[in-house]
Amino acid sequence: MITDLSQSGVRTGLTGLLASILLNLPMLAGAAVPATPVMTIYKFNGPLETPYYNIGANGPGSRAGSLPQGTSVIPCLVVRNGRALTDAKGTPYVGFEVVVNPSKDKGQAATRKFERTFAEREALKVKNHHCDSSVRHVLNVRDLYVLKKPPFFDPPGKGDPAAAEREGKTELDKIVRVFHNSPECAAVDQDAIGRRARLERAWDRFIAKHDGRWDATTLARAKHLDYAMRTAIFEGHLDRGCTAYGACERNVVVLSIRNRGVGQCLKRQGCSFPGDFQGIASDVGQYNIWDAYLTQISGLTSCYLRTDLAKQGDYALYQGIYSQSIGDAETILYGGTPALATVFPGTNLNELTELRHYYHPPAMGKCFPQHDRVEYMSGAVAENGPDHVLIANTRIKVGDRVGGGYRFKEFRFDQEGPIDAVRVEDNYPGFVVDGRKVSLGGGGGCTPYGVSSGCRFSNVGRYRRTPNWLTAGKPLALNCRINDRGASCSGSGREQRVTVGGACDIDMMPVSRVH
């Protein structure tokens with residue numbers, strides 16, 4: 001059965017997909033290439049709605065409607081008279097079938113639907129990526145990315161506010177835990193869209209409801225502490241869990257939030273008044289994890305401290321991480337400048353209070369200067385006789401010139417610890433990619449591991465780009481003394497001294513004196 005997305009007639013049902021979108025899927029005997037993957041509409045910190053268009057004679061026609069950020073689709077190529085629909089530069093406009101629409105689909109059913117469809121598409125081989133003649137609407141492929149994480153929703157249920165309060169070690173900790181187990185928090189993640197704003201409204205309602213129990217200043221501080229902790233947990237590397245390095249990393253994130261609100265308050269960094277840690281921590285331009293789409297696929301705005309989730313999946317990890325770090329976070333935000341020395345022993349206080357910037361080198365732009373003729377394809381068409389395929393959101397190894405294009409192979413890699421494990425796969429034999437999308441210009445701005453170009457390594461496992469402000473500041477090493485409870489947070493805890501940062505730390509780079 002096909003269901004309508006809107007009056008414009010965009011179809012969301014998947015049961016009609018094999019017949020109506022990929023014309024050649026029934027021809028499995030001749031299947032040779034990977035099917036188009038599930039792709040997601042995404043533009044960092046972009047507009048909520050992305051337009052789609054009617055099909056014109058030689059390109060996209062008039063605007064037909066829009067879909068929200070985070071909509072997952074299965075793309076196909078509109079081929080008419082032997083040519084795929086592209087703009088003048090060769091960028092394709094693709095037909096699509098909606099998988100999950102975040103403005104309508106919600107809950108565990110939406111999560112499972114995405115996961116199931118993503119896996120099915122990864123396993124599927126086809127003859128080509130053609131749409132059939134019934135497709136009427138197209139998207140710009142530049143708005144689409146292969147993003148593997150499914151929509152995230154808290155499971156049904158509710159926690160026990162009284163039990164949560166008993167687990168708190170300080171008054172602020174108690175309030176944060178009660179909020180996570182409140183009906184106000186429970187409303188935030190019921191829908192995928194608008195979570196950042198709904199979390200703010202939930203805290204406002206919670207504060208109004210409890211203003212007779214706790215004073216206004218204490219409630220406000222608890223809210224700001226909650227935001228700082230959410231940012232620190234999800235900015236850090238979750239796989240590090242409760243290791244000493246992971247906990248120190250979170251402390252550095254909280255310190256950056258603190259220093260943007262104490263002694264300096266810049267509107268461009270999200271600060272509306274001195275001590276506005278909420279505004280700073282949730283500013284999308286500063287802490288990218290608060291992007292509207294990214295909140296759809298993470299537990300950032302969830303009620304992750306719910307008591308009924310204490311032993312379920314990632315919630316046990318989140319709760320362990322929170323419990324390990326909440327004391328240091330409260331000290332950093334509200335303990336005063338001298339107290340910073342207790343959290344970061346051995347570092348000059350002036351250096352500590354000047355730290356406002358950091359970056360994670362592994363997450364920076366990926367580049368491969370050690371490999372020739374490797375190019376990133378945001379979206380291109382490749383042809384083999386009458387067959388057309390979509391090459392999008394992937395890197396290719398460019399081969400020989402053939403007519404107006406190039407032979408190519410897929411350039412794939414997996415990040416395995418400090419190494420990018422590279423492989424080249426000939427998944428489209430005989431196909432030639434549109435030469436208009438190949439520049440052979442090489443890449444620049446790369447350094448080993450994405451740290452200072454002055455660092456020296458005996459072996460280099462990966463290359464990354466560096467932020468343009470790196471040379472404007474001073475890489476800073478920060479020391480912590482942390483009870484290491486291991487990546488799973490299940491260890492008994494053994495105090496370790498650990499250092500995060502310094503000029504050549506390949507995992508996290510705090511940088512002070514950046515203005």
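Remarks
- Any chance Ala228 is assigned to a helix (DSSP H, G or I) and among the small types (Gly, Ala, Ser): yes
- Within the stretch 253-281, residues that are closer than 17 Å to Met509 by Cα have Cβ atoms under 7 Å from residues that are open to solvent by 10 Å² or more (accessible area, probe 1.4 Å) and aromatic (Phe, Trp, Tyr) in these pairs: Ser256/Tyr358, counting only partners at least 6 apart in sequence or on another chain.
- Considering only residues in the stretch 30-75 that are of a type in the set (A, V, I, L, M, F, W, C) and part of a loop (DSSP other than H, G, I, E, B), the one that is nearest to Thr117 (Cα to Cα) turns out to be Val38.
- The residue that is most open to solvent (accessible area, probe 1.4 Å), counting only those in the stretch 86-115 that are over 29 Å from Lys437 (Cβ atoms) and in a helix (DSSP H, G or I), is Arg112.
- A count restricted to the stretch 76-85 and to residues that are in a strand (DSSP E or B) and out of contact with any Leu (no Cβ under 9 Å at 6 or more places or on another chain) stands at 2.
- Residue in the stretch 298-334 that is surrounded by the fewest Cβ atoms within 10 Å (Cβ to Cβ), counting only those that are part of a helix (DSSP H, G or I), of a type in the set (A, V, I, L, M) and within 20 Å of the chain's Cα centre (by Cα): Leu317
- Index of the failed condition, Ile280 passing every other in (1) in a helix (DSSP H, G or I); (2) open to solvent by 50 Å² or more (accessible area, probe 1.4 Å): (2)
- Hits in the stretch 245-268 (condition: over 13 Å from Arg356 (Cα atoms) and buried (at least 24 other Cβ atoms within 10 Å of the Cβ)): Gly246, Ala247, Cys248, Glu249, Arg250
- Of all residues in the stretch 116-150 being open to solvent by 90 Å² or more (accessible area, probe 1.4 Å) and farther than 23 Å from Leu85 by Cα, the one that is farthest from the chain's Cα centre (by Cα): Glu120
- Consider the stretch 456-469 and keep the residues that are under 18 Å from His357 (Cβ atoms) and either open to solvent by less than 70 Å² (accessible area, probe 1.4 Å) or acidic (Asp, Glu) (or both). The one that is farthest from the chain's Cα centre (by Cα) is Trp469.
- Here Asp173 does not qualify as surrounded by 15 or more Cβ atoms within 10 Å (Cβ to Cβ) and assigned to a loop (DSSP other than H, G, I, E, B).
- The combined condition, being open to solvent by less than 40 Å² (accessible area, probe 1.4 Å) and either part of a loop (DSSP other than H, G, I, E, B) or among the charged types (D, E, K, R) (or both), is fulfilled by Trp214.
- Residue selected from the stretch 65-96 under the condition out of contact with any Pro (no Cβ under 8 Å at 6 or more places or on another chain) and of a type in the set (Gly, Ala, Ser), by the criterion farthest from Leu144 (Cα to Cα): Ala88
- You will find that of Gly473, Gly502, Gly486, the residue that is closer than 30 Å to Tyr315 by Cα and either at pLDDT below 95 or surrounded by fewer than 18 Cβ atoms within 10 Å (Cβ to Cβ) (or both) is Gly486 and no other.
- Yes/no for Thr295 being β-branched (Val, Ile, Thr), farther than 20 Å from Glu200 by Cα, modelled with pLDDT of 95 or more and in a helix (DSSP H, G or I): no
- Failed condition for Cys242, given (1) open to solvent by less than 30 Å² (accessible area, probe 1.4 Å); (2) of a type outside the set (D, E, K, R); (3) over 22 Å from the mean Cα position of the chain (by Cα); (4) farther than 17 Å from Trp203 by Cβ: (3)
The values are calculated or read from the model by the stated rules, or taken from the named source; none is laboratory data. This is a predicted model, so every value here is computed, not measured. Positions of Cβ are backbone-derived with ideal geometry, glycine not excepted, and every protein chain shown enters the neighbour counts. These area figures cover heavy atoms from the full protein model, side chains too; ligands, DNA and RNA do not enter into them. Shrake-Rupley method; radii C 1.70, N 1.55, O 1.52, S 1.80 Å.
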